[in-house]
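First the structure, in the form of structure tokens, and then the observations on it.
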Amino acid sequence: MKKTFISASVASVLALASFGALADGPSFYGRLELAVTATDTGATLQSGTSGVGSSYADENNAGTYLENNFSNVGVKGTEKLADGYDVVYQMEFQVENTSGNGASSPFKARNTFLGLKTNAGTVLVGRNDTVFKQSEGGVDLFGNTNADIDRLVSAQTRSADGVWYYSPRIANLVTLNATYLFDDNANTSDSQYALSATLGDSKFKEQNYYVAVAYNKGISGYDAFRTVGQVKLGNFKLGGLYQNSEKSADSSVDGNTYFVNIAYDLNGVNLKAEYGFDDTGFGNYYNNVNTIGKDADGKAIIVKGIDISVHNFNVGADYRLSKSTMVYGQYSLYKGDHEVVAGTKVDLQDDNVFSVGVRYDF
């Protein structure tokens, strides 16, 4: 009854927002994205994909699946309070349009906040991607799919109970940004925050380059530092990301992750290729491929090794049939090894992943 009421309330809000968009009010937006994916292990499938069990190591998740790549609906806007002062707001919800659980829980919270924009910068309060995650810019060429960089890299976090600050663009080039999470809401005495500085334009509208440095302290249990760079040269885009990460609770558990990639616009067809390497074992692929079931409390049992090496190769192409509709296809290979017993290398299960999908924005 409670879930039905919440779902109906969300639908009512969005319906009102859609009506308001016809006037001079909030804008209603959304995305539907579905992909058909064939996989050897299921370890890189989107969370919540129906039919995926907990024992990846037994290869019982090999098969062909329908994935929901974060379909969502939302409403956002601004309203002027006075000269130089604007209210900023957004409510966004993930729509579970393929998951078997979607009938009872069709919505999940995404970036939802209330804020104030002034000449001194913008402050948001609520739930949002941390500035550490946002620092990736456009370098994640396969973002929001089973080849997202979070399959290798950690601290790609959307957090609640936080405050965000974004400075104005200094000299039309540099922004300074911060995320702070309230300790009491997180039930911890340790401060959790993220900082970033960006240079250039991640969308390449004003500059043909983008550079970022970012630091994550404690959020999602990691302390991490990253640098990101991407440049547009004619029809080419070249990018890279390097990150050093460690467990907040144990700084001896640490390592490095990096990606390099290239994209080329061939008469509207966006061709792209990427290579990634990780030796931390913090990403989704490593943790999932080593999951052998659940304990009595329902928590995943992970076989964690040492001297970890994970390699990721991605190739793909996407094409916009119209401003609102994009089709794409991609192939990913995940492979690597680690030591479960000191001195003995064990190969991780390879995951060959083929996907074709369609995205519709409105």
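All of the numbers you see were taken from the coordinates with simple rules; none came from a lab. Note that this is a predicted model, so its numbers are computed, not measured. Note that we place each Cβ from the backbone using ideal geometry, even for glycine, and neighbour counts take in every protein chain shown.
In a fully extended conformation the segment linking residue 80 and residue 254 would gain 58.0 nm over its present Cα-Cα distance, using 0.36 nm per residue. Residue-wise HN-Hα couplings along region 180-195, as the Karplus relation 6.51 cos²θ - 1.76 cosθ + 1.60 with θ = phi - 60° gives them from phi, are 10, 9, 5, 4, 5, 5, 8, 6, 9, 9, 8, 5, 10, 7, 9, 10 Hz; Gly and Pro carry x. Sorting the Cα pairs of region 233-330 by distance into bins of 5 Å, from 0 upward, gives 3, 10, 16, 15, 15, 12, 11, 9, 7, 3, 0, 0 percent per bin.
Relative to the 2.2 N^0.38 Å rule of thumb, region 30-109 has a C-alpha radius of gyration ratio of 1.55. Counting other Cβ atoms within 10 Å as a rough exposure proxy, the listed residues 325, 44 run 325, 44 from fewest neighbours to most.
In terms of Cα to Cα distance under 14 Å, which aspartates and glutamates are near enough to residue 323, apart from those fewer than 8 places away along the same chain? Here the aspartates and glutamates satisfying the reach criterion relative to residue 323 are 361. Rounded to the nearest whole Hz, the Karplus-based 3J(HN,Hα) values (6.51 cos²θ - 1.76 cosθ + 1.60, θ = phi - 60°) of region 202-208 follow the sequence 5, 9, 6, 8, 10, 10, 9, with x at glycine and proline.
Hey, how much of the P(r) for region 208-264 falls beyond 16 Å, as a percent of Cα pairs? Across region 208-264, Cα pairs with separations above 16 Å total 51 percent. Each residue, residue 208 and residue 184, gets one label point 7 Å from its Cα in the Cβ direction; the gap between the two is 5.3 nm.
How large, in Å, is region 146-262 by the Kirkwood hydrodynamic radius built from its alpha-carbon pairs?
Working: mean 1/r = 0.0641 Å⁻¹.
One over the average 1/r among Cα pairs gives 15.6 Å for region 146-262.
Relative to the Cα centre, the charge distribution of region 208-320, modelled as +1 at Lys and Arg Cβ and -1 at Asp and Glu Cβ, gives a dipole magnitude of about 400 debye.
For the cross-link pairs 108/272; 80/232; 108/345; 108/247, which exceed 32 Å when the distance is taken from alpha carbon to alpha carbon? Mind showing how you got there, number by number?
Details: 108/272 30 Å; 80/232 36 Å; 108/345 40 Å; 108/247 27 Å.
Where the Cα-Cα span goes over 32 Å, the pairs concerned are 80/232; 108/345.
Rounded to a whole number of µm²/s, how large is the Stokes-Einstein D of region 285-348 at 37 °C and 0.692 mPa s, given Rh as the Kirkwood radius over C-alpha pairs?
Values: Rh = 14.7 Å.
Translational D for this selection: 224 µm²/s.
Taken along the Cα-to-beta-carbon direction at a fixed 7 Å, the label points for residue 301 and residue 331 span 3.6 nm.
Nearest 0.05, what FRET efficiency do residue 191 and residue 169 give at R0 = 41 Å with Cβ-Cβ as r? For residue 191 and residue 169, the calculated efficiency is 0.90. From the residues 149, 301, 172, which one has its Cα farthest along the dipole of the chain in the positive direction, the dipole being from +1 and -1 charges on Cβ of Lys/Arg and Asp/Glu about the Cα centre? It is 172, whose Cα lies furthest towards the positive end. For region 259-270, putting each phi into the Karplus relation 6.51 cos²θ - 1.76 cosθ + 1.60 with θ = phi - 60° gives couplings of 9, 10, 8, 8, 10, 9, 8, 9, 6, x, 8, 8 Hz, in residue order, rounded to whole numbers and with x for Gly and Pro. If you model the chain as an ellipsoid using its alpha carbon gyration tensor, with each semi-axis the square root of five times an eigenvalue, the axes come out at 32, 25, 24 Å, biggest first. Electrostatic bookkeeping for residue 143 treats Lys and Arg as +1 and Asp and Glu as -1; over the other residues with beta carbon under 12 Å from its beta carbon, the sum is -4.
For the chain, which span is the longest to avoid every loop-located (per DSSP) member of GluC sites (Glu not before Pro) having at most 15 other Cβ atoms inside 10 Å?
Between exposed loop sites, the widest span is 207-362.
In the chain, Cα pairs under 8 Å separated by at least six residues give a relative contact order of 14 percent.
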